[in-house]
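See below for the structure under consideration.
The values are calculated or read from the model by the stated rules, or taken from the named source; none is laboratory data. Computed from a predicted model, the values in this text were never measured in an experiment. Cβ atoms come from the backbone with ideal geometry, glycine included; neighbour counts cover every protein chain shown.
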Amino acid sequence: MDEAAAAQEVPPPQEKPPTTPAPAPTGPRDAGAPFDDEDADMILRSSDLVDFRVHKLFLSKASLVFRDMISLQARGPLSSSSSSPNATYPDALSPTGLPIVPLLDEPAPAVDMLIRFCYIPLIPALPTLSDIELALHLGSKFQMPHMLAAAKSSILAQMESGVLPADRVFAFGWLHRQRDIVLAAASHPSREPLLAGPPYPEYELIPALALHKLLAFRRQ
């Protein structure tokens with residue numbers, strides 16, 4: 001059999017049909033456990049349309065912002081001109097009759113962390129700088145002192161254990177205007193020479209004056 005005949009017997013490769021990407025969700029979806037209690041009396045809806053069933057009592061005890069929001073809601077629906085940071089109480093209710101509070105600026109992971117800090121048994125660990133940064137942001141925005149304290153405690157504990165170098169913690173504290181973190185990092189007896197590590201991302205976001213102050217403080 002010559003090559004031409006052999007080539008005719010080989011079936012042509014079949015083209016795979018083009019794959020169609022799964023459509024993005026167009027409506028709200030439930031967050032699921034542990035935010036699915038049947039006795040919840042309010043829903044927090046994230047910016048990416050995830051619904052978290054929560055209890056007003058826990059939120060109002062943990063956050064001054066939620067306390068004021070819920071107090072105002074008791075007098076009637078809030079308007080979009082409310083002084084709440086990014087939440088409003090719309091007239092619309094969920095299919096189960098619960099009021100829905102949309103947190104327009106916070107995606108589901110942020111709302112998840114926020115709620116966990118309102119429920120003592122659910123308070124999460126903060127193992128990364130991203131987690132600590134998010135906790136500082138939410139704790140400040142929703143006026144939750146214990147959330148701010150947990151974020152500060154976590155970063156300082158990681159510095160003491162050597163997980164995070166003091167120089168980076170100093171830059172992080174300066175960037176986020178956390179004076180107590182800055183002072184703790186500046187006075188920490190670091191085992192490494194000053195600025196001996198790699199150029200951490202925080203260095204790009206703080207002024208040279210900050211590092212100058214750190215150098216001057218360490219020379220004292």
(request) Sort out which residues of segment 47-73 are assigned to a helix (DSSP H, G or I), surrounded by 15 or more Cβ atoms within 10 Å (Cβ to Cβ) and not aromatic (F, W, Y), and write them in order of number. (result) K56, L59, S60, A62, V65, R67, D68, M69, I70, L72, Q73
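Let's see how each residue does on (1) closer than 29 Å to P34 by Cβ; (2) in contact (Cβ under 8 Å) with a residue 12 or more places away in the chain; (3) surrounded by fewer than 19 Cβ atoms within 10 Å (Cβ to Cβ):
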| residue | (1), (2), (3) |
| --- | --- |
| F117 | yes, yes, no |
| P124 | yes, no, yes |
| E133 | yes, yes, yes |
| L148 | yes, yes, yes |
| S153 | yes, no, yes |
| P165 | no, yes, no |
| F170 | no, yes, no |
| A185 | no, yes, no |
| E192 | no, yes, yes |
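This table checks each residue for (1) over 15 Å from the mean Cα position of the chain (by Cα); (2) in a loop (DSSP other than H, G, I, E, B); (3) not assigned by TED's automatic domain parsing to the domain that holds V50.
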| position | (1), (2), (3) |
| --- | --- |
| L136 | no, no, yes |
| A150 | no, no, yes |
| S153 | yes, no, yes |
| A171 | yes, no, yes |
| V182 | yes, no, yes |
| P193 | yes, yes, yes |
